[in-house]
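What follows draws every value from the coordinates through simple rules; no lab data is involved. A quick note: this is a predicted structure, and the numbers were derived from the prediction, not measured. Ideal geometry is used to build each Cβ from the backbone, glycine not excepted, and the neighbour counts take in all protein chains shown.
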Amino acid sequence: MNHDTYDDDYIRGILNGVKTIAMVGASPVNVRPSYFAFKYLAQRGYDMIPVNPGQVGKSLVGKPFVASLRDIDRPVDMVDIFRNADAALALVEEALSLTPLPKVIWMQLGVRNDKAAAMAEAAGLKVVMNRCPKIEYGRLSSEISWMGVNSRTLSAKRAPIPTQGMRLSLNRVSVGGGGTGAADRAAQDKKDSA
Amino acid sequence: MTDRLPGFATLAIHAGAQPDPTTGARATPIYQTTSFVFNDADHAASLFGLQAFGNIYTRIGNPTNAVLEERVAALEGGTAALAVASGHAAQVVALQMLLRPGDEFIAARQLYGGSINQFTHAFKSFGWNVVWADGDDISTFEQAVSPRTKAIFIESLANPGGSVTDIEAVSAVARKAGVPLIVDNTLATPYLIRPIDHGADIVLHSATKFLGGHGNSIAGIIVDAGTFDWSRDNKYPMLSEPRPEYHGIKLQETFGNFAFAIACRVLGLRDLGPALSPFNAFMILTGIETLPLRMQRHCDNARAVAEWLSAHPAVAAVNYAGLAGNRYNNLARKYAPKGAGAVFTFSLKGGYDAGVSLVSNLKLFSHLANIGDTRSLVIHPASTTHSQLDDAAKTKAGAGPDIVRVSIGLEDKDDIIADLDQALQG
């Protein structure tokens, strides 16, 4: 499938469907993006598992670190790869060795590995690359609108009062598929310069 | 299921707005408050560290302003936007993200006189050096590119000369030079032209004009197209390097394709301070809800007035790109097929004196220094908005001594024409 842009329904389906997320490369340093993406997703009700072999014995917002995907004691719906693109292939191989299989491989903003994606898709997994689940959750719920960001969604329903730990509805009206024309152009520019 | 895409008029009314969570208010409330309480110390720290979505202080963000920001971003097809106190503030904040002292940016000479002043004098004092190019000659942009160039700046429809810029051609120069293209879209509004569709990386507005549309509030907007890779080289350290203000966060790495808008907010607006009043944001938002209706009527009226003036014996020339035979007519057909805007100039056979006389004889037109009002407006640029330029620069900017500028309003077009008719006879 095309990984330059994603339909909102595809992302919405993933974020509405998964419950347990293993974040590989989660950092205990509280100013790293992985830390605050992890914390946000935990606050929004996902069962988060931090994976980082250098941090075993510690925990991240109360969730104990594990060394690898194989060390997780429960089924994982989604593996969120917060590592560089070169690490993605081995991580997908590891994810595909799990029983039951995860449903989704998600590579973070800035991370894209087409070979790893193809391998996961061949095994029936859904793949998202070069996106942040926190940003996408915030966008589809429109919570990110506080930052002046174009959520590309509309709703005439009364907004919920956002409180800590609350799950937000992601089922707003989408304004424009998986991205703007601008996103397509940026992706094309990246390809051209690569 | 494929999403059905709402049209422009629907976005103009709905984008960014949702019934208020607390009261159910349907219109966007005016959150006239300086500050917002934190849930606890951890929440406060998360907000200050840019780790959580939410409000801190109205100088950095405000819920009313956020609705305006998302709405304009949606209408322009951008990833995010930032509302600021004026169009001039938008220019300062946007360029401060890109330029360090000693850097250059290229700007078309065909600009609003206030922008020419700001670039020439105020920016010069910051060490930001403007290099002028000719909007009618793309090769002058290519020739102006240097290793110190950090951006290219144009207006989509230029004020006051009525010229239309070939955005795609200038965009090609910008991409080759590896710098963002900034387009001031004030006169066109996204209803007529969406510069991002033609290669703009950043779109700016004086929302005071047609977006607000009622001549009652000053505001500016910066729209991030999400198209520029700020980390390709080390040209834009505000976006690509760790920010000491935020514990070493790299803004593009963290915020991806809306990093420029975030940088303008958390570095530019936070530190320079030109925050928009939530009341003004509300006024601009209310204006935008009728933008498609108003812009079409502005354009239809302007075209009728321009045609009528063209046939008047006292008129030497009408510079309206919507007229067949105008040098910009082909560009107007390509970029603004719904209409060439409502601001244009004309010259009188009687020269400077006839222009002054016309302005004083008009009864319905208001003589003032604004454009994009419901009311028809007139001004003599050479003695007002462009008065600080020398004669050569005035002529190049389309504001020669014999030129009168009008901004055609939403009155009945026959009344607008009748006022011009009596004033030209007088």
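Per-structure values
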item	result
Whole-angstrom gap from segment A:109-134 to segment B:266-295, using each part's C-alpha centre	38
Gain in span if fully extended, B:Glu241 to B:Ser383, counting 0.36 nm per residue against the direct Cα distance	46.5 nm
Cα lying deepest toward the dipole's positive end in the protein assembly as shown, options B:Phe365, B:Ile403, B:Ile218, charges on Cβ	B:Ile218
Under Karplus coefficients 6.51, -1.76 and 1.60, residue-wise ³J(HN,Hα) of segment B:326-339 in Hz, glycine/proline x	5, 5, 9, 4, 5, 5, 5, 5, 6, 8, 9, x, 7, x
Segment A:78-94-segment A:1-70 distance, computed between alpha-carbon centres (Å)	12
Within segment B:161-248, trypsin sites (Lys or Arg not before Pro) in DSSP loop having at most 14 other beta-carbon neighbours inside 10 Å	B:Arg232
Additional length obtainable on full extension of the chain from B:Ala311 to B:His121, 0.36 nm per residue less Cα span	64.3 nm
Cα Rg, Dmax, segment A:8-193, angstrom units	16.5, 47
Low-density loop positions, chymotrypsin sites (Phe, Trp or Tyr not before Pro), segment B:59-139 - DSSP coil, at most 15 other Cβ in 10 Å	B:Phe126
For segment B:100-172 and segment B:227-256, distance of Cα centres in Å	25
Bins of 10 Å, starting at 0 and running to the largest distance - Cα pair percent for chain B	5, 22, 31, 25, 12, 4, 1, 0
FRET efficiency, B:Asn329 to B:Ala44 (Cβ-Cβ, R0 45 Å, nearest 0.05)	0.20
Residue-span extension gain [B:Ser146 to B:Asp271] - 0.36 nm each, minus C-alpha spacing	42.1 nm
Contact order normalised by residue count of chain B, Cα under 8 Å, 6+ apart, percent	17
Within segment A:8-193: Cβ-based charge dipole about Cα centre, in debye rounded to nearest 20 (Lys, Arg +1; Asp, Glu -1)	620
Where Rh is the Kirkwood radius over Cα pairs, Rg/Rh for the protein assembly as shown	1.02
Amide H within-cut-off set for A:Leu109, under 5 Å, with H built and near neighbours excluded	A:Arg131, A:Cys132
